[in-house]
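Notes to accompany the following structure.
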Amino acid sequence: MTTTVRTRVAIVGAGPAGLLLSHLLAEAGIESIVVDQRTRDEIESTIRAGILEQGTVDLLAQIPGSRVHTVGTRHDGIELRFDGHGHRIDFPGLVGRSVWLYPQHEALKDLIAARLAGGQDLRFGVTVHRVEGAETDRPSVFATTADGEDLQLEADFVVGADGSRSNVRVAVAGSHTGGYFREYPFAWFGILCEAPASSEELIYSNSPDGFALISQRSATVQRMYFQCDPDADPQALSEAEIWDTLQNRVPGTTLTEGPIFQRDVLRFRSFVAHELRRGRVAIVGDAAHTVPPTGAKGMNLAVADVILLAQALESLLTRGDGGLIDGWAEKALRRIWKAQHFSWWMTSMLHVAPDASDFDRLRQLGELRSVVESEAGRTYLAEAYTGWPLEP
Ligand code: DHB
């Protein structure tokens with residue numbers, strides 16, 4: 001037996017993009033249902049990146065109960081480190097904006113609590129199989145609930161905010177893999193450790209043996225990464241070997257060590273789906289595009305997609321005006337490709353390719369110098385890192 005539920009907007013995925021979209025739609029008086037395959041606990045405990053652009057923070061801060069300004073911390077710059085020296089990029093001085101370190105799972109706790117308090121129909125443990133009717137006025141999502149029952153969501157519009165393994169993407173891009181794609185010959189070995197911060201601001205470090213990023217989570221927990229082989233086994237290194245590798249990648253700085261309680265290997269890829277919308281089905285966030293993590297654009301880009309989509313859906317669903325939705329993908333893609341470039345650029349400027357020649361290494365140092373020694377270079381980095389203003 002199939003239960004059919006009618007809604008105005010069916011949102012697949014309760015990550016930042018899906019939850020924020022349901023919030024913006026509710027503010028515009030548009031009802032939605034959000035479903036996610038994961039449990040609430042899984043969503044709230046998965047460790048993800050934590051740098052938020054100023055515009056993302058301003059939006060999150062408006063959500064009732066948001067802790068972004070109390071638990072999060074403002075970062076007014078980053079350090080680019082190479083050739084044994086650190087160079088600070090001063091964000092407010094260059095572009096008048098900052099970023100905030102607020103781990104994604106904390107933002108998700110705020111969003112889930114606020115949506116439930118606002119009466120949002122939000123269902124966990126729901127597995128979506130397919131979306132039909134993209135080219136009609138009544139697209140439908142076919143799913144199975146946590147109890148194993150068949151569920152059909154019949155909507156005016158369907159949004160796939162279901163991450164890089166999106167099941168909604170097929171209905172839009174024609175296949176799971178239909179997109180522009182690039183792989184990288186390295187990955188990040190990430191750790192969480194119990195230690196005081198080694199640095200007040202993030203350090204992005206290029207060293208002859210590869211990249212490292214020194215980030216934070218709280219006064220007592222730190223997040224650090226170092227460039228590794230994509231096939232590296234996170235369990236293969238001892239804690240002492242991990243600390244040796246990290247220390248060696250930030251020459252000139254001494255890291256404060258502590259017990260490592262989580263380790264993972266993050267693979268890199270750049271992806272943009274060939275299509276972001278077909279008729280009344282759209283994909284946003286990681287379902288539509290993935291960036292390598294250097295530069296922390298992933299979640300911020302998802303938020304930008306959703307702000308534009310919420311405006312377009314309001315116009316379509318409350319005024320019957322399809323002008324904005326017809327132009328939505330093109331507008332979103334302009335920012336997406338800028339962020340793709342920035343993420344690729346930060347990655348290639350800071351990592352050492354396995355086959356890098358002496359020429360490549362020396363050219364890379366020349367590139368890093370041309371950024372830090374020029375106000376124009378630093379300003380480009382600061383502008384992109386803190387987030388371009390949204391297009392009107
Ligand atoms: C973090 C991750 C990033 O990719 C980045 O560029 C900065 C910070 C983090 O996990 O803290």
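The values are calculated or read from the model by the stated rules, or taken from the named source; none is laboratory data. Here the structure is a predicted model, which is why all the values come from computation and not from measurement. Neighbour counts are summed over all protein chains in view; Cβ atoms, including those assigned to glycine, are modelled from backbone coordinates with ideal geometry. For accessibility, only protein heavy atoms count, side chains too; no ligands or nucleic acids. Shrake-Rupley method; radii C 1.70, N 1.55, O 1.52, S 1.80 Å.
Quick notes on this structure:
- Just one residue in the set ARG334, ARG378, ARG369 is surrounded by 14 or more Cβ atoms within 10 Å (Cβ to Cβ) and within 24 Å of the chain's Cα centre (by Cα); that residue is ARG378.
- Extreme residue, nearest to the chain's Cα centre (by Cα), among residues of region 67-95 that are among the hydrophobic types (A, V, I, L, M, F, W, C) and outside any strand (DSSP E or B): VAL68
- Residue match in region 44-62 (condition: over 24 Å from LEU313 (Cβ atoms) and away from the ligand (no atom under 16 Å from the Cβ)): yes
- Of all the residues in region 220-260, those that are within 23 Å of the chain's Cα centre (by Cα), closer than 18 Å to ILE203 by Cα and not aromatic (Phe, Trp, Tyr) number 6.
- Residue ID - nearest to ARG280 (Cα to Cα), chosen from residues in region 128-174 that are assigned to a helix (DSSP H, G or I) and open to solvent by 10 Å² or more (accessible area, probe 1.4 Å): ALA171
- Residues that are more than 30 Å from VAL265 (Cβ to Cβ), part of a loop (DSSP other than H, G, I, E, B) and of a type in the set (Val, Ile, Thr) do not occur anywhere in region 8-29.
- Extreme residue, nearest to the ligand (Cβ to nearest atom), among residues of region 213-245 that are hydroxyl-bearing (Ser, Thr, Tyr) and surrounded by 17 or more Cβ atoms within 10 Å (Cβ to Cβ): SER215
- Some residue of region 302-315 being part of a loop (DSSP other than H, G, I, E, B) and open to solvent by 20 Å² or more (accessible area, probe 1.4 Å): no
- Residues that are touching a Lys or Arg at 6+ places or on another chain (Cβ under 9 Å) and away from the ligand (no atom under 14 Å from the Cβ), drawn from region 283-304: ILE283, ALA287, ALA288, ALA304
- Odd one out for ASN248, checked against (1) open to solvent by 50 Å² or more (accessible area, probe 1.4 Å); (2) within 16 Å of the ligand (Cβ to nearest atom): (2)
- Any hit, region 343-358, residues being in a helix (DSSP H, G or I), open to solvent by 30 Å² or more (accessible area, probe 1.4 Å) and away from the ligand (no atom under 16 Å from the Cβ): yes
- Pairs with Cβ under 8 Å, 6+ apart, first in region 308-322 and without any contact (Cβ under 8 Å) to a residue 24 or more places away in the chain, second crowded, with 17+ Cβ neighbours inside 10 Å and of a type in the set (A, V, I, L, M): GLN311/LEU324; ALA312/LEU324; ALA312/ILE325; SER315/LEU324; SER315/ILE325; GLY322/LEU316
This table checks each residue for (1) in contact (Cβ under 8 Å) with a residue 60 or more places away in the chain; (2) more than 15 Å from ASP121 (Cα to Cα); (3) open to solvent by 50 Å² or more (accessible area, probe 1.4 Å).
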residue	(1), (2), (3)
LEU20	yes, no, no
GLN37	yes, no, yes
GLU44	yes, yes, no
VAL68	no, yes, no
ARG88	yes, yes, yes
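- When residues of region 96-127 are limited to those that are open to solvent by less than 10 Å² (accessible area, probe 1.4 Å) and more than 16 Å from the ligand (Cβ to nearest atom), the one farthest from SER45 (Cα to Cα): VAL126
- Of the residues making up region 202-212, those that are within 11 Å of the ligand (Cβ to nearest atom) and either open to solvent by 10 Å² or more (accessible area, probe 1.4 Å) or not in a strand (DSSP E or B) (or both) number 0.
- The listed residue being in a helix (DSSP H, G or I) and outside the structural domain of ASP286 (by TED's automatic domain parsing), out of LEU333, LEU368: LEU368
- Only one entry of LEU94, LEU122 meets the criterion of being modelled with pLDDT of 95 or more, farther than 26 Å from GLY29 by Cα and touching a Lys or Arg at 6+ places or on another chain (Cβ under 7 Å), and that entry is LEU94.
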